[in-house]
Amino acid sequence: MTRLNHLGQPISFAVPNWTPPPVPPREPLIGRYCRVEPLEIERHAADLYAAYSTADDDRNWTYLADGPFDSLASYTEWLQRVSLVIDPVFHAVVDARTDQAVGVAAYLRITPSAGSIEVGHINFSPLLQRTAAATEAIYLMMRRAFELGYRRFEWKCDALNAKSRTAAQRLGLSYEGVFRQALIYKGRNRDTAWYAAIDAEWPELQAAFETWLDPANFDAHGQQRTRLSDLTAGILKQRG
């Protein structure tokens, strides 16, 4: 993919006629198992707090910059603060069966000039974890990004967050390394692990997601027949 310029120096491949993609529209993403819609406090806050309250402990918040919250009022106050910023853009994941908001995810580090976008601030309640809707939510956000023309879809997490690192690779995002001492949050250091998928990988990734999400992939008890990690394994450029 490299070539030489007129001085004999190696340079990367050309990107002719590059047009930066638009910022993702604030419109719902509709799937079979869930909707992913821009977060609205009046519509989603109470549902989300109730969903998070079903957890046995606070482990869901350990690797997030904020929380846990001891009341709906404090959670709502935090949502009001984060909703004032342009980036990140928080979305609620709404269960299609119950019409209840059961988790959040956000677009952030939205950089149209580079064609790069990140998904983060992911907090899926016990009502959403390990469900088809959870996988579909990230798929819908990834699909929108690549269909808009983004070249790169990123996922970052605390390097000690083993579950997040496993999830990123299950979803087909390749490991790219660790930024040491990248952040300080909750009074402690964070080394940040980086994962990403790029547009050249998207056709294979989309096929893997659609195969996994197909109702035929689940038996009468809702158990998967084929694991998504098996479908995406060959797409990963590096594990870590």
Unmet requirement for residue 109, which otherwise passes all of (1) under 26 Å from residue 52 (Cβ atoms); (2) open to solvent by less than 30 Å² (accessible area, probe 1.4 Å); (3) not β-branched (Val, Ile, Thr): (2)
Here are 190, 165, 180, 143: which of them is outside any strand (DSSP E or B), in contact with a strand residue (DSSP E or B) (Cβ under 7 Å, 6 or more places away or on another chain) and open to solvent by 10 Å² or more (accessible area, probe 1.4 Å)? 165
Just one of the numbered conditions (1) in a strand (DSSP E or B); (2) surrounded by fewer than 19 Cβ atoms within 10 Å (Cβ to Cβ); (3) touching an Asp or Glu at 6+ places or on another chain (Cβ under 9 Å); (4) touching a residue at least 24 places away in the same chain (Cβ under 8 Å) is not true of residue 160; which one? (1)
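The values are calculated or read from the model by the stated rules, or taken from the named source; none is laboratory data. Keep in mind that this is a model prediction, so the values were computed, not measured. Note: ideal-geometry Cβ built from the backbone for every residue, glycine included; neighbour counts use all protein chains shown. Heads up: the accessible areas ignore ligands, DNA and RNA and are worked out on the full protein's heavy atoms, side chains in. Shrake-Rupley method; radii C 1.70, N 1.55, O 1.52, S 1.80 Å.
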